[in-house]
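The values are calculated or read from the model by the stated rules, or taken from the named source; none is laboratory data. Worth saying up front: this structure is predicted, and the values here are computed from it rather than measured. Please note: Cβ atoms are built from the backbone with ideal geometry, for glycine as well, and neighbour counts cover all protein chains shown. The area values use the complete protein model at the heavy-atom level, side chains included, leaving out ligands, DNA and RNA. Shrake-Rupley method; radii C 1.70, N 1.55, O 1.52, S 1.80 Å.
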Amino acid sequence: MACLLETPIRMSVLSEVTASSRHYVDRLFDPDPQKVLQGVIDMKNAVIGNNKQKANLIVLGAVPRLLYLLQQETSSTELKTECAVVLGSLAMGTENNVKSLLDCHIIPALLQGLLSPDLKFIEACLRCLRTIFTSPVTPEELLYTDATVIPHLMALLSRSRYTQEYICQIFSHCCKGPDHQTILFNHGAVQNIAHLLTSVSYKVRMQALKCFSVLAFENPQVSMTLVNVLVDGELLPQIFVKMLQRDKPIEMQLTSAKCLTYMCRAGAIRTDDNCIVLKTLPCLVRMCSKERLLEERVEGAETLAYLIEPDVELQRIASITDHLIAMLADYFKYPSSVSAITDIKRLDHDLKHAHELRQAAFKLYASLGANDEDIRKKIIETENMMDRIVTGLSESSVKVRLAAVRCLHSLSRSVQQLRTSFQDHAVWKPLMKVLQNAPDEILVVASSMLCNLLLEFSPSKEPILESGAVELLCGLTQSENPALRVNGIWALMNMAFQAEQKIKADILRSLSTEQLFRLLSDSDLNVLMKTLGLLRNLLSTRPHIDKIMSTHGKQIMQAVTLILEGEHNIEVKEQTLCILANIADGTTAKELIMTNDDILQKIKYYMGHSHVKLQLAAMFCISNLIWNEEEGSQERQDKLRDMGIVDILHKLSQSPDSNLCDNVV
């Protein structure tokens, strides 16, 4: 019976709570404007810091009435302002509160309020808009729906320090990608916001700085403009450098470093510029120290990873700055049992977010080890590093798994490590598990790494083959994602290199000739090139060539013909001619060329081509066909002489190009 009574009890409690809040809503409908105003003020005081009261008032329908009063021409400016303040307070509650406000179309109402001449009302509307737009449940596109909004916000920047702070904060939260950057840039964001970096208000300076960081991210146009902007006679990069000095607040140092990082990655600042090497990079390394808060260490490491990712010299400098490689090892021990954190709330927060540290460390290790063998060695020799990466591959967080795979992929570029550490820790086992069931973003990196583990000198190649990799990789070649198709075929290409006949047969059987030829007509150039590479590796060593051509010869010759006739670039045609040269090296397979006059004419055509690479590849075909020591060589030579091919060879032997004349048979 107790279970049956539970629901009515809850309902009665809710009724009491909402009844105690109802009088606040009822007063909004009073015919006396002064009483309505006092009611709104009382409501404002009641909801401050009280999420339960906020939820009750929303349930009781306070929002539509507040919005009505805010938009009524007969409402006094004071009443409108107080309504905007209460709505802003409601928005500061839970995400559900914000959803309720959005459902009542609060944004158009507040944007309309910005047309008022009254500054206090404008500031209240902007403060509420700032709270709503910084919520993760608010679609950024709502800021860009009406084309008149952005220019009006730009015009309001000059009204007060509050309009500056709130508008910059709205822009920095609602600028998500190149389209938004372009809109803001075209409406003069750079010119309108630049002078705010020298504002007397710290909050304004910070929000302006954050604006520039999102505007410059992966945007060469904005970044190139920022480099030349002058504020009080000083160039913007110099102002950013001043803002990342040690005596500035950490938030300011970090955001300035991000601005300079993004401008550098966009090509506006050279990687060897002093502001990057001597200022930005050391600042970001400082942010990685264990003295910093968790979120500062995460942001510092991720920004540094992005800065050094494409540049080997920056990677080397970072690796020897403040013992960074060893410092990052602490990211995996946080919070420690002897943590200095005494604030229980902070400790609870950090325990919930410790995975972000591991993700950031993996990202930075991946960037550090992208090119230099010595750095990779130092990373792998860091305490328990390989074990930590292997553990990271099975973490519940997708982001940590992705970062761990990227780190492993970066380290797998080392021949020495593939032969030693990767084998000692049987890295291929957890990697194969990752490949069984993962989102595309992880699959792309994991399959790319598998390509490295399948190189012929890798000790992992054999156990990977035995674990069913052929079927898995053939499955990837059918993906709708071009990157997965490339990696699947690339890994098969590596697998087929100098492989036994059985492995080659397994690949052809699992892939199927139908799929092979679909890949040869793939619209993605990388897929086509890797498929040709796979064919070339399959058709190597005479017994293998003859065996494969005896079962698949007709289809392969058809594919070769189509590619040589098609509109393909030099590299594609060169690979195709090299496949023909391999076929011509077979004992019985070469007859498939000799009995195909169309193919012979094509080889003849490419011998006279203007591009040396194609001439050479065609010559190798002929060389393998007429080799003297093989049975039937005289008959083949006679046929090719009758076709005029021998005359072309004679001309090529007198070519001024040494590559051609030295390779004539």
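Once you put a point 7 Å from the Cα of Glu218 and another 7 Å from the Cα of Ser550, both along the Cβ direction, what distance in nm separates them?
5.3 nm
What value, in deg cm²/dmol to 500, does the helix sum -39500 (n - 2.57) over DSSP H runs of n ≥ 4 give at 222 nm once divided by the residues of the chain?
-21500 deg cm²/dmol
Of Lys54/Lys80; Lys210/Lys378; Lys530/Lys639, which ones are farther than 29 Å apart at the Cα?
Correct reply: Lys210/Lys378; Lys530/Lys639.
Can you give me the accessible area per residue for the range 236-372, using a 1.4 Å probe, in Å²?
With the other protein chains kept in place, the range 236-372 gives 43 Å² per residue.
Looking at the range 374-433, which GluC sites (Glu not before Pro) are DSSP coil and have at most 11 other C-beta atoms within 10 Å of their C-beta?
Glu383
Once Cα extents along the principal axes in Å is worked out from the coordinates, which option in [x] 113, 74, 50; [y] 91, 80, 63; [z] 97, 59, 54 does it equal?
[x]
How would you rank 299-305, 57-63, 561-567, highest first, on the average number of other Cβ atoms within 10 Å across their residues?
Taking the mean over residues of other Cβ atoms within 10 Å, the ranking is 299-305, 57-63, 561-567.
Sticking with the crude label model, points 7 Å out along Cα→Cβ, report the distance from Asn481 to Val227 in nm, one decimal please.
With each label point 7 Å from Cα toward Cβ, the separation is 3.5 nm.
With the other protein chains left in place, how much accessible area per residue, in square angstrom, belongs to the range 541-664 at a 1.4 angstrom probe?
It amounts to 50 Å² per residue over the range 541-664.
At a 1.4 Å probe, what is the % contribution of carbon and sulfur to the accessible area of the range 541-664?
In the range 541-664, the share of accessible area belonging to carbon and sulfur is 49 percent.
Would you pull out the residues with amide H under 5 Å of Val231's amide H, same chain only if 5 or more places away, H placed 1.01 Å from N?
So Val231 has HN proximity to Leu236.
Suppose R0 equals 41 Å. What FRET efficiency, 1/(1 + (r/R0)^6) with r the Cβ-Cβ distance, do Glu295 and Arg419 give to the nearest 0.05?
After rounding to 0.05, the efficiency reads 0.55.
Which FRET efficiency, nearest 0.05, do Ile320 and Lys120 yield, Cβ-Cβ r, R0 60 Å?
0.60
Once phi is turned into ³J(HN,Hα) by the Karplus curve 6.51 cos²θ - 1.76 cosθ + 1.60 with θ = phi - 60°, what whole-Hz value does each residue of the range 521-529 show in order, with x for glycine and proline?
So the Karplus estimates, Gly and Pro as x, are 10, 5, 6, 7, 4, 4, 5, 4, 4 Hz.
Give me the dipole magnitude in Debye, nearest 20, for the range 310-391 about the Cα centre, with unit charges on the beta carbon: positive for Lys and Arg, negative for Asp and Glu.
The calculation lands at about 260 debye.
Set the bar at 18 Å for Cα to Cα. Now go through Lys573/Lys613; Lys502/Lys547; Lys279/Lys363 and name every pair that lies beyond it.
Check vs 18 Å cut-off fails for Lys279/Lys363.
Just to confirm the filter: which trypsin sites (Lys or Arg not before Pro) across the range 193-251 are DSSP coil and have at most 16 other Cβ within 10 angstrom of their Cβ?
Arg246
Within the range 140-166, find all residues whose amide N lies under 16 Å from a label point positioned 7 Å from the Cα of His195 along Cα-to-beta-carbon.
154-165
Counting Lys and Arg as +1 and Asp and Glu as -1, what is the net charge of the other residues whose Cβ lies under 13 Å from the Cβ of Ile489?
Charge balance near Ile489 sits at +2.
Which of Gly468, Met432, Ala403 sits closest to the plus end of the dipole of the range 398-471, meaning its Cα is farthest towards the positive end, when Lys and Arg get +1 and Asp and Glu get -1 on the C-beta?
Checked the options; the winner is Ala403.
Which listed residue (Leu652, Gln637, Ile579) has the Cα farthest towards the positive end of the charge dipole for the range 541-664, taking +1 on Lys and Arg C-beta and -1 on Asp and Glu C-beta about the Cα centre?
Selected residue: Ile579.
List the residues of the range 475-493 whose backbone N lies under 18 Å from a point placed 7 Å from the Cα of Glu567 along the Cα-to-Cβ direction.
none
For Arg388, what accessible surface area do you get with a 1.4 Å probe? Give it in Å², rounded to 10.
About 40 Å², rounded to the nearest 10.
Given R₀ = 30 Å, FRET efficiency for Lys52-His355 by Cβ-Cβ distance, to 0.05?
The formula returns an efficiency of 0.45 here.
How far is it, in nm, from the label point at Arg270 to the one at Gln72 when both lie 7 Å from their Cα along the line to the Cβ?
Roughly 6.7 nm, to one decimal.
Please state the relative contact order of the chain as a whole percent: Cα pairs under 8 Å, 6+ residues apart?
Relative CO of the chain lands at 5 percent.
Just the number, please: carbon plus sulfur as a percent of the accessible area of the range 61-141, 1.4 Å probe, no ligands or DNA/RNA counted.
Of the solvent-accessible surface of the range 61-141, carbon and sulfur hold 51 percent.
Per-residue HN-Hα couplings for the range 418-426, Karplus 6.51 cos²θ - 1.76 cosθ + 1.60 at θ = phi - 60°, whole Hz, x for Gly and Pro?
4, 7, 10, 4, 5, 6, 4, 9, 6
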